[in-house]
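Participant: Structure provided below as structure tokens; questions to follow.
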Amino acid sequence: MAEADTPFNRMLAEIYRFIQLECIPAEPEVEENDEIPPPLVRRMGELGLFGHSIPREHGGGGLGTEELARVNMVVSQAAPAFRARFGGNTGIATESLIVDGTPEQKARYLPRMATGELTGCFALTEPEAGSDATALRTSARREGDDYVLNGSKCFITNAPIAGLFTVFARTDPDARGADGVTAFLVERGTPGLATGPAYRKMGQHGSPVGEVHLQDCRVPASAIVGGVPGVGFRTAMKTLNKQRINLAGLCVGPALRLIDEMRRRSASRVQSGQPIGQFQLVQQLIADSITEAHAARALVLQTARKRDRGEDVTMEASMCKLFASEMCGRVADRAVQLFGGSGYIAGNIAEQMYRDVRLFRLYEGTSQIHQLNIAKQLGRLPFDHPDFNMQLEPQA
Ligand SMILES: Cc1cc2nc3c(=O)[nH]c(=O)nc-3n(C[C@H](O)[C@H](O)[C@H](O)COP(=O)(O)OP(=O)(O)OC[C@H]3O[C@@H](n4cnc5c(N)ncnc54)[C@H](O)[C@@H]3O)c2cc1C
């Protein structure tokens, strides 16, 4: 059935063309140079990709969760580094501001982030605080009307190129865990803020990730997100909750792309006198992959709709992130298998995606952290909860 002719579907079709005709052909160049070509970054801005999740009154597209999920499933059909270029601005790097920022902070930053003029990053992780981000040690000491930040952040996406840093620091040295953590907006150029070079990584070449160092970095109290100290961890969790659905959508695109590549290869590669796609064991690799990709897509869209209705999706968001990222890893592994030796050689799409998608199971909560969260959230639900009880028939 053809998609309805709506403004959203027209926009999605335009993004699809951009991905297919401009991004995918540029993949080898990005892999080689470790950079998204500036003309493509400009095109991303023209297409509104930097601002999809930013409210319309601040220059963004104001997309809902389901719409954003659908965009993510399209943009991630190209190498994930393309999406990472604008993904912070339409994800974790703006969400703290959108949910908890003051009107002045939103007006100052969001319009420039929506166009891509200003790139943001979300600086939570530290060398000693990864899965347990509440262990963060970066400090923010109050001095008059200012705060003085000291500490280091690691593995921060877009840190080497960002103009705005959402930095999580402890304002109450006596508080433990999530208490006493505050989110600050720190602009590049602020004395005391420095970034390291981009790491050399396993995959996602073209997506710069690096460290952020804060040494006696002085910012005014007005740099606190929302103006309220001590609630930064809650802000971070609100941001990450939404991002889990985004990320799960981003795992669907590479799987669909690889399934397409597997189909083509299985039709063209001949062994024992027939296309390998004639072998049932090869068919199984594709059948399992498409089944799992559809299951992930359905779960992501169902969860996104539930969130758009204003319902709590804390558990489902973790389920999406866990299932979709693990699914994507399995599909990439099968793609390498189907391509045989060629799938292990640099320049092959299965080889590249296998490395690129490995990250999805690690960041924004490892699979283990999401398993724990799902179990915790499920434990809070009453046994007769309509979504999760085990009754096959409704009770009379
Ligand atoms: C390329 C890249 C980009 C990133 N971008 C960002 C970013 O933009 N901003 C940001 O703040 N962070 C970012 N991160 C950091 C990322 O979110 C962390 O790497 C991730 O949360 C895991 O933390 P860790 O690396 O310290 O691993 P650890 O927490 O040390 O975990 C190591 C292993 O122990 C397991 N483990 C840990 N705790 C538990 C537990 N309680 N129960 C069971 N198992 C456990 C983990 O699942 C994992 O297998 C990025 C990381 C990478 C690699």
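The values are calculated or read from the model by the stated rules, or taken from the named source; none is laboratory data. Remember, it's a predicted structure, so these values are computed and weren't measured experimentally. Ideal geometry is used to build each Cβ from the backbone, glycine not excepted, and the neighbour counts take in all protein chains shown.
Participant: Could you tell me whether the stretch 104-117 includes any residue that is more than 16 Å from Lys238 (Cα to Cα), within 16 Å of the ligand (Cβ to nearest atom), touching a residue at least 24 places away in the same chain (Cβ under 8 Å) and in contact with a strand residue (DSSP E or B) (Cβ under 7 Å, 6 or more places away or on another chain)?
Facilitator: Yes, because at least one residue in the stretch 104-117 is more than 16 Å from Lys238 (Cα to Cα), within 16 Å of the ligand (Cβ to nearest atom), touching a residue at least 24 places away in the same chain (Cβ under 8 Å) and in contact with a strand residue (DSSP E or B) (Cβ under 7 Å, 6 or more places away or on another chain).
Participant: Can you tell me which residue among Thr65, Thr90, Thr115 is more than 30 Å from Ala298 (Cα to Cα) and among the β-branched types (Val, Ile, Thr)? Spell out how you get there, then give the answer.
Facilitator: Numbers: Thr65 fails: more than 30 Å from Ala298 (Cα to Cα); Thr90 fails: more than 30 Å from Ala298 (Cα to Cα).
Going through Thr65, Thr90, Thr115 in turn, the sole match is Thr115.
Participant: Scan the stretch 150-163 for residues that are more than 9 Å from the ligand (Cβ to nearest atom) and surrounded by fewer than 24 Cβ atoms within 10 Å (Cβ to Cβ) and jot them down.
Facilitator: Scanning the stretch 150-163 gives Asn150, Gly151, Ser152, Pro160, Ile161, Gly163.
Participant: Go through the stretch 74-91 and report how many residues are in contact (Cβ under 8 Å) with a residue 40 or more places away in the chain and assigned to a loop (DSSP other than H, G, I, E, B).
Facilitator: Final tally of qualifying residues: 7.
Participant: Out of Ala194, Ala178, report the one residue that is among the aliphatic types (A, V, I, L, M), without any contact (Cβ under 8 Å) to a residue 40 or more places away in the chain and surrounded by fewer than 17 Cβ atoms within 10 Å (Cβ to Cβ).
Facilitator: Ala194
Participant: Being at pLDDT 95 or above, more than 14 Å from Gly203 (Cβ to Cβ), hydroxyl-bearing (Ser, Thr, Tyr) and over 26 Å from the mean Cα position of the chain (by Cα) narrows it down to one of Ser367, Ser342, Ser318, so name that one.
Facilitator: Ser342
Participant: So, one more: Starting from the stretch 322-336, keep only residues that are farther than 15 Å from Pro80 by Cβ and in the same structural domain as Asp356 (by TED's automatic domain parsing), then list their pairs with residues that are of a type in the set (Gly, Ala, Ser) and surrounded by fewer than 20 Cβ atoms within 10 Å (Cβ to Cβ) whose Cβ atoms are within a distance under 7 Å, requiring at least 6 positions of separation or different chains.
Facilitator: Listed pairs, sorted by first residue: Leu322/Ser367; Glu326/Ser367.
Participant: Go through the stretch 191-213 and give me each residue that's away from the ligand (no atom under 14 Å from the Cβ) and of a type in the set (A, V, I, L, M).
Facilitator: Those that are away from the ligand (no atom under 14 Å from the Cβ) and of a type in the set (A, V, I, L, M): Leu193, Ala194.
Participant: I've got another one for you. List the residue pairs whose Cβ atoms are under 9 Å apart, where the first residue sits in the stretch 133-150 and is over 14 Å from Gly230 (Cβ atoms), the second is in a loop (DSSP other than H, G, I, E, B) and aliphatic (A, V, I, L, M), and the two are 6 or more positions apart or on different chains.
Facilitator: Qualifying pairs under 9 Å: Ala133/Leu124; Ala133/Ala178.
Participant: Look at the stretch 338-377 and say how many of its residues are more than 16 Å from the ligand (Cβ to nearest atom), buried (at least 16 other Cβ atoms within 10 Å of the Cβ) and without any contact (Cβ under 8 Å) to a residue 60 or more places away in the chain. I'd like the intermediate steps shown before the answer.
Facilitator: Restricting attention to the stretch 338-377, the residues satisfying the condition of being more than 16 Å from the ligand (Cβ to nearest atom) are 338-351.
Okay, now just the ones that are also buried (at least 16 other Cβ atoms within 10 Å of the Cβ), so 338-339, 343, 348-351.
Of the ones still in play, those that are also without any contact (Cβ under 8 Å) to a residue 60 or more places away in the chain are 343, 348, 351.
Qualifying residue count, the stretch 338-377: 3.
Participant: Please find, within the stretch 38-57, the residue that is nearest to Tyr199 (Cα to Cα) out of those that are of a type outside the set (D, E, K, R) and over 21 Å from the mean Cα position of the chain (by Cα).
Facilitator: Pro38
Participant: Within the stretch 53-65, does at least one residue satisfy the condition of being part of a loop (DSSP other than H, G, I, E, B), farther than 19 Å from Val357 by Cβ, out of contact with any helix residue (DSSP H, G or I) (no Cβ under 7 Å at 6 or more places or on another chain) and touching a residue at least 60 places away in the same chain (Cβ under 8 Å)?
Facilitator: no
Participant: Related question: Which one of Ser152, Ser131 is of a type in the set (S, T, N, Q), outside the structural domain of Arg305 (by TED's automatic domain parsing) and assigned to a loop (DSSP other than H, G, I, E, B)?
Facilitator: The conditions single out Ser131.
Participant: Give the residue that is farthest from Glu46 (Cα to Cα), with candidates limited to residues of the stretch 102-121 that are crowded, with 24+ Cβ neighbours inside 10 Å and of a type in the set (Gly, Ala, Ser).
Facilitator: The extreme case among them is Gly120.
Participant: Suppose we filter Arg141, Arg137 for residues that are basic (Lys, Arg), away from the ligand (no atom under 16 Å from the Cβ) and more than 23 Å from Ala255 (Cα to Cα); which single one remains? Working first, answer last.
Facilitator: Numbers: Arg137 fails: away from the ligand (no atom under 16 Å from the Cβ).
Matching residue, one of Arg141, Arg137: Arg141.
Participant: Can Leu40 be described as assigned to a loop (DSSP other than H, G, I, E, B), of a type outside the set (Gly, Ala, Ser) and closer than 17 Å to Thr115 by Cβ?
Facilitator: no
Participant: Take the conditions assigned to a strand (DSSP E or B) and either touching a Lys or Arg at 6+ places or on another chain (Cβ under 8 Å) or buried (at least 23 other Cβ atoms within 10 Å of the Cβ) (or both) and apply them to Phe168. Does it pass?
Facilitator: yes
Participant: Please determine whether any residue of the stretch 92-99 is part of a helix (DSSP H, G or I), within 16 Å of the ligand (Cβ to nearest atom) and polar (S, T, N, Q).
Facilitator: Yes, some residue in the stretch 92-99 is part of a helix (DSSP H, G or I), within 16 Å of the ligand (Cβ to nearest atom) and polar (S, T, N, Q).
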